[in-house]
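Have a look at the structure below, then the notes.
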Amino acid sequence: MRFRRRRELPPRIELPNSPEALIRSVVQSLTRRAGIDARPTRSLATVIDLIENGETDMAIDDLAHVIVCFRLPVHRAEYDQLVAAAQELDELDSLTGLNVEQFVSEQA
């Protein structure tokens, strides 16, 4: 009896403007700004886990909840990235339903 080696799958490649890449970029920025505060950092890490598991539509919804729950400030450019990702995923209601825009600041 011969056993076949299990074939490793190549890592998923994210296109620069894909919803996954846009959401991941915003999450990384929010994580940096959260600094040592573990609560939002842990919650933001779950958003990355969702992206890595191919659950991007759930990731944007979860991210919207994290922003609102922890009252995380979001820069205008980051919000625009989230809107672009949400439109492509047909999940814009995740952002508008929770009124994430109230946490947007005009800082660069």
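Which one of the conditions (1) modelled with pLDDT under 95; (2) under 12 Å from the mean Cα position of the chain (by Cα) does GLN107 fail to meet, given that it meets all the rest? In the conditions (1) modelled with pLDDT under 95; (2) under 12 Å from the mean Cα position of the chain (by Cα), GLN107 misses (2) alone. Can you work out which of the residues in the range 30-69 that are surrounded by fewer than 17 Cβ atoms within 10 Å (Cβ to Cβ) and within 20 Å of GLU101 (Cβ to Cβ) is nearest to the chain's Cα centre (by Cα)? Residue satisfying both the conditions and the ranking: ASP57. Scanning the range 53-65 for residues that are part of a helix (DSSP H, G or I) and closer than 18 Å to GLU88 by Cα yields THR56, ASP57, MET58, ALA59, ILE60, ASP61, ASP62, LEU63, ALA64. Pairs are defined by a Cβ separation below 7 Å, a sequence spacing of at least 6 or placement on different chains, a first member in the range 11-30 that is of a type in the set (Val, Ile, Thr) and modelled with pLDDT of 95 or more, and a second member that is in a helix (DSSP H, G or I) and open to solvent by 40 Å² or more (accessible area, probe 1.4 Å); the pairs so defined are VAL26/GLN81.
Of all residues in the range 85-108, those that are open to solvent by 100 Å² or more (accessible area, probe 1.4 Å) have Cβ atoms under 7 Å from Cβ atoms of residues that are part of a helix (DSSP H, G or I), 6 or more apart or on another chain, in GLU88/PRO19; GLU106/ARG76; ALA108/ALA77.
The values are calculated or read from the model by the stated rules, or taken from the named source; none is laboratory data. Small disclaimer: the values here were computed from a predicted structure and weren't measured. A quick note on method: Cβ atoms are made from the backbone with ideal geometry, for glycine too, and the neighbour counts reach across all protein chains shown. Quick note on the areas: whole protein, heavy atoms, side chains included, nothing else; ligands and nucleic acids left out. Shrake-Rupley method; radii C 1.70, N 1.55, O 1.52, S 1.80 Å.
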